[in-house]
Structure formats: structure tokens, C-alpha cells
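Heads up: the structure comes next, in C-alpha cells.
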Amino acid sequence: MSELNKTYEMVFKRMIKETDEIFSFVFEKPEELQWIPGQHAIFRNLECKVEGDKNYRIFSLASIMEEDFVMFSTRITDESTDCKKKLLELKPGDRMTAEDPQGRFRIEDFNKPTCLMAGGIGITPIRALLQHMDFNCINPKKLRVLYSDDRGDFAYEDTLKWINRKYDGLDVRFISDRHEFMEEIENFAKEMRNNADYLISGTPGMNKAITDKLTSLGVEKSSIKTDNFIGYK
């Protein structure tokens, strides 16, 4: 019988401050750990026990296997739980674990028009999808990335812009106004209808609002995938 929910121990390497509130945490990649771009995993902090709070969270993997490290990113504010704040105290050599990655948030066909929509920290799995595309030198037929953040603070901005410049089939747009964000989504959907795939990554509320908008425009639910970022705090 195969082992379910296998756990992999990871060693912390460094923290990257992506924006004022978004931080990336980079770990050595365990030899046996495998994942595909767009998946998420349960990460558990072995260095802390927080009274009244669980010491694990679900994060999307922002890195790809070819980068030879494990990275997740999250937003941490004064309102965040103690568990997330403790991540800021990690030191090189500290340990966390990851359980077997899961999820089906992925681009099925780079030759099919696709719209990726991210709100805030929802950009994390999309970073992995674009890194995978770039590593394999795939020029998509029509890949639109709409990245919205009301604060105008965009994680991985330099990386995303660098990849965007390399492929004429890729169009990454950074949007700080939510009305413009919805207009861009509507414009793409009216042009492509069910001739495209739609991947949405953000809070459950955002994902539902966009799904409702798309279906009202005639997009079938079978063309829509969501990655719900539950429990920001």
C-alpha cells in the first residue's frame, strides 16, 4: 500500500521581502519531494508552538522543481496570526515540513488562449506556472495575466516583467484598480468566450465574483479553475 500524505523535512535558507507585506520563504529542496506548477501543500513550522493556534498553514508553491529550492510566499501584517508572524523569526538552518503537494491549478494547453487572474497573494501559483513556461521556452499562443493589487504592491514584479518581455504570446498586466481589473476580465471573456481557459487565484469571495461574472458572459464553468486562498491571517 502506498504511503499517503508523506511528510518531507526542509531546511530554511533565507527570507525575501517581496513588498511591504508579502514575504517569500526559501528552503532546501528535499530530494524526494516532487510537485507540479500550481500545486499547494501543507507547511508546518517545527521551530515554534503557538498557544491557541495551529503551527501549520496551506501555501501554494511559488517555485518550480527546476529551481532546486522550495519557496512559498504569504502576506504578513499586524493582524496576522502568531503562527504566520513566527515565520519572520525563522533563521537559516531552522526546519519546516511539507506534506505531499496537491491541486489541479494548471495550464492544460499553452496553444489554447488562457487568462490567469490573480488578486494579491494569489499570484504565487501563477509565478510557478510562468517559471515553468519560461524554463521550457514555451511561447504561448495567447496567455493573458491580470494581476490585481489595490495597494499597487506587486510581488515578483521584476521576475514577471522579465518573463513577459521574452514571449510575444504572453501579456502580463499589473492593475491597482479593481474596476479596471474586472473590465479587463470582461474584455477578454467577450473576445474569447468558451474558446479559452480561465484560471482564478485569490480569496474565495474574489474567485466567486469573477466566476459569476464569467458565467454571466456565457463562459461555461468547465472552462474555469479556481485556487482559493483561505485564511489569509
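The values are calculated or read from the model by the stated rules, or taken from the named source; none is laboratory data. Source: prediction; values computed, not measured. Because the Cβ atoms are built from the backbone with ideal geometry, glycine has one as well, and the counts that use them run over all protein chains shown.
State whether the residues of the range 202-220 include one that is in the same structural domain as Ala118 (by TED's automatic domain parsing) and farther than 24 Å from Arg104 by Cβ.
Yes, the range 202-220 contains a residue that is in the same structural domain as Ala118 (by TED's automatic domain parsing) and farther than 24 Å from Arg104 by Cβ.
Wholly within the range 5-57, which strands (runs of 3 or more DSSP E) include no fewer than the required count, namely at least 2 residues that are buried (at least 20 other Cβ atoms within 10 Å of the Cβ), without any contact (Cβ under 8 Å) to a residue 60 or more places away in the chain and in contact with a strand residue (DSSP E or B) (Cβ under 7 Å, 6 or more places away or on another chain)? So that I can check it myself, show each step before the final result.
Values: elements: 7-17, 22-28, 40-45.
Once the strands (runs of 3 or more DSSP E) in the range 5-57 are filtered for at least 2 residues that are buried (at least 20 other Cβ atoms within 10 Å of the Cβ), without any contact (Cβ under 8 Å) to a residue 60 or more places away in the chain and in contact with a strand residue (DSSP E or B) (Cβ under 7 Å, 6 or more places away or on another chain), what remains is 40-45.
So in the range 63-80, with the set limited to residues that are among the hydroxyl-bearing types (Ser, Thr, Tyr) and in a strand (DSSP E or B), which one is nearest to Arg127 (Cα to Cα)? Break it down stepwise before answering.
At the first step, the residues of the range 63-80 found to be among the hydroxyl-bearing types (Ser, Thr, Tyr) are 63, 73-74, 77, 80.
Among the residues that remain, those that are also in a strand (DSSP E or B) are: 73-74.
On the way: Ser73: 11, Thr74: 13 Å.
Across the range 63-80, the extreme among qualifying residues is Ser73.
Would you check which residues across the range 203-233 are part of a loop (DSSP other than H, G, I, E, B) and not polar (S, T, N, Q) and list them? Quick ask: steps written out before the conclusion?
At the first step, the residues of the range 203-233 found to be part of a loop (DSSP other than H, G, I, E, B) are 203, 217-220, 229-233.
If the condition is that a residue be part of a loop (DSSP other than H, G, I, E, B) and not polar (S, T, N, Q), then Leu217, Gly218, Val219, Glu220, Phe229, Ile230, Gly231, Tyr232, Lys233 are the ones that fit.
Anything in the range 84-105 that is over 20 Å from Thr19 (Cα atoms) and crowded, with 16+ Cβ neighbours inside 10 Å? List them, or say none.
Selection gives Asp94, Met96, Thr97, Ala98, Glu99, Asp100, Pro101, Gly103, Phe105.
If we scan the range 75-97, do we find a residue that is under 20 Å from Gln34 (Cβ atoms) and touching a Ser or Thr at 6+ places or on another chain (Cβ under 9 Å)?
Within the range 75-97, one or more residues are under 20 Å from Gln34 (Cβ atoms) and touching a Ser or Thr at 6+ places or on another chain (Cβ under 9 Å).
For the range 81-106, give me the residue count where each residue is under 27 Å from Leu129 (Cα atoms) and either assigned to a helix (DSSP H, G or I) or not hydrophobic (A, V, I, L, M, F, W, C) (or both).
Residues flagged as under 27 Å from Leu129 (Cα atoms) and either assigned to a helix (DSSP H, G or I) or not hydrophobic (A, V, I, L, M, F, W, C) (or both) within the range 81-106 amount to 11.
Regarding Leu146, is this residue touching a Leu at 6+ places or on another chain (Cβ under 6 Å) and under 23 Å from Thr74 (Cα atoms)?
Considered against the rule, which asks whether it is touching a Leu at 6+ places or on another chain (Cβ under 6 Å) and under 23 Å from Thr74 (Cα atoms), Leu146 comes out as no.
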